[in-house]
Amino acid sequence: MTEMAIQETAAEYPAFPMQRADPLGPPELYAELREREPISRIRMSVTGQEAWLVTRYDHYRELIRDPRVSADMYADNYPRQIPVPLELLRSVPRTIFHLDAPDHTVHRRLLTPEFTYRRIEGMRERTQQIADEYVDRLLEKGGPVDLMAELSLPMPSQAMCELLGIPPADRHIYHEWITLLIGTDTTPEQHAQAEITVVGHLEKLIAQKTEHPEDDLLSRLIARNNEEKLVSDRDVLNLARSLIAGSHETSANMITLSVLALLRNPEQLALLKADPSLDASAADEMLRYFSVSDAGTSRVVLEDIELGDVVLRKGEGVVASILAANHDPEVFTDPGRIDITRSPNNHVAFGTGIHQCIGHLVVKMQLGIVLGTLFRRIPDLRLAIDLDDVKFKNAAIRGVEALPVTW
Amino acid sequence: MRLNADRDRCVGAGACASTVPAVFEQDEEEGLVRLVTDRPESALVGVVRRAVSMCPAQAIRVSSE
């Protein structure tokens, strides 16, 4: 009843996520709103909730770094994009994505030693090996292949599972769970069942690693927490679950969309082929351009906040659009152009503030390595279908269903 | 340029250490910011300012002395 009433009053606001004429670019309305009404009203298409939409880069950083906004997804007006009823969502404890300080700080600090710049640089060699193994398999198989199924989804997933210490035979459990978690047509029953399976598996794994620690992130996380018992065992489980959930689909879609973008922009691809050291800056540009987790920094306002010309009132929901911020022409010259040499490229694809993606350096490294390796070893890679036939997903994470390629 | 790093605010994103490893690092135990030097050489001032601006937690302060 309540949600239907909301839907009616907000009927005149643009629905979010918004439509795109160019499936690779941002919704066209973003540029118009940024110019005309940089902080505007929207209606969430899945839930019917009303919310604010922030489209400017400077507003974005100001708001997301402000301690007066909360990431609590269980707050009534937090803008949601999943069809699962709030009561059911609330039956699962908040993950790190949705905790505020000081609780968030305690959880985050259990992970920070695992994601230092130095430690991630130490993963470079293994990441390159994994990328090579996947490209070996593509070459063995021969085109056409679905890049999403054969590389983009399994490769980052394998890297994350290796990091955490999840045995290869069990990795499919997590894959199936994520697919349901982010799907817009997932039923509450499917959602609940997938949760039970994943939690059950992680409980078993944590018990094993508590008894017999190995050289992996999960074992170290358990040991680190057991020194001072900062959080509960269930929280440790949730941290592991969040790392998988946060990395899987996002990385996969970034790989696929980046390949698509390079194939569509042959002059940029030629630059990368001519100078492989551009892989890191190409990765950054793709992260900026696509910003696949557009509404990843949705928030709810804890106290009235003046932002630009408006006052965000306590209790209201806000979608601070990552994609819109990353296409703000005040910060990024010619933002609609993909330029793999763009410098500086201070994008906010990973958000900002205390919730900034802890794995951002891993993602950048991985994406750079995959793009460099793929086009070095298969320089004739091309689409096996017309761009018009590529099916895009307008889900919480932007991406494509599949990407048939050949060579 | 003089730098001050606030480890209480730091969220260990590593934006600073990956941008200017000659000036910023993260300790192994906690993964939080540590200054290699609090007075970066003048050639690095530009890139240090960029790293400071990109710190998600605004944990690095710059003063002019």
(request) Give, rounded to the nearest 20 debye, the magnitude of the charge dipole that the range B:2-63 has about its Cα centre when Lys and Arg contribute +1 at Cβ and Asp and Glu contribute -1 at Cβ. (result) 420
(request) Work out the FRET efficiency for A:Ile385 and A:Gln19 from their Cβ-Cβ distance, taking R0 = 25 Å, and round it to the nearest 0.05. (result) 0.65
(request) May I ask you to list the trypsin sites (Lys or Arg not before Pro) in the range A:358-407 that are in a DSSP loop and have at most 13 other Cβ atoms within 10 Å of their Cβ? (result) A:Lys391
(message) Quick check on packing: order B:12-24, B:45-57 by the mean number of other C-beta atoms within 10 Å, highest mean leading.
(response) B:12-24, B:45-57
(request) From largest accessible area down, sort A:Trp52, A:Trp177, A:Trp407; use a 1.4 Å probe on the protein chains. (result) A:Trp407, A:Trp52, A:Trp177
(message) Let me spell out the model: positive unit charges on the Cβ of Lys and Arg, negative unit charges on the Cβ of Asp and Glu, origin at the Cα centre of the range A:282-349. What dipole size does that give, in debye rounded to 20?
(response) 200
(message) For a Förster distance of 45 Å, can you work out the FRET efficiency between the beta-carbons of A:Lys229 and A:His172, rounded to the nearest 0.05?
(response) 0.85
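For the range A:282-338, what mean projected area does the convex hull of the alpha carbons give, in nm²?
4.5
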(request) Work through the residues other than A:Gly368 whose Cβ is under 13 Å from its Cβ and net out their charges, Lys, Arg +1 and Asp, Glu -1. (result) -2
(request) Find how many whole Å separate the alpha carbon centroid of the range A:8-67 from the alpha carbon centroid of the range A:116-167. (result) 35
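Compute for chains B and A the buried accessible surface, both sides summed, probe 1.4 Å, and express it in Å² to the nearest 100.
1800
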(message) Taking 20 °C and 1.002 mPa s as the conditions, I'd like the Stokes-Einstein D for the protein assembly as shown in µm²/s, using the Kirkwood hydrodynamic radius from alpha carbon pairs.
(response) 93
(request) Starting from the Cα of B:Arg7, step 7 Å along the direction of its Cβ; do the same at B:Glu29; then give the gap between the two resulting points in nm. (result) 0.7
(request) Under 30 Å Cα to Cα from A:Lys141, which lysines show up? Leave out anything in the same chain fewer than 8 places away. (result) A:Lys273, A:Lys364, A:Lys391, A:Lys393
(request) Could you calculate the FRET efficiency of A:Val310 with A:Glu140 from 1/(1 + (r/R0)^6), where r is the beta carbon distance between them and R0 is 56 Å, rounded to 0.05? (result) 0.50
(message) Residues of the range B:1-35 that become at least 50 Å² less accessible with every protein chain present than in their own chain isolated, using 1.4 Å: which are they?
(response) B:Val11, B:Ala13, B:Ser18, B:Gln26
(request) Output the relative contact order of the range B:1-63, whole-number percent, from Cα pairs under 8 angstrom with separation of 6+ residues. (result) 48
(message) Probe of 1.4 angstrom, ligands and nucleic acids ignored: what's the accessible area per residue over chain A, in square angstrom?
(response) 43
(request) Quickly estimate the mean residue ellipticity at 222 nm for chain A, helices only: each DSSP H run with n ≥ 4 gives -39500 (n - 2.57), and the total goes over all residues, rounded to 500. (result) -15000 deg cm²/dmol
(message) Rounded to the nearest percent, how much of the accessible area of the protein assembly as shown (1.4 Å probe, protein heavy atoms only) is carbon and sulfur?
(response) 50
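The values are calculated or read from the model by the stated rules, or taken from the named source; none is laboratory data. For clarity, every value in this text was computed on a predicted model and none was experimentally measured. Note that each Cβ is placed from the backbone with ideal geometry, even for glycine, and that neighbours are counted across all protein chains shown. SASA here: full protein model, heavy atoms, side chains in, ligands and nucleic acids out. Shrake-Rupley method; radii C 1.70, N 1.55, O 1.52, S 1.80 Å.
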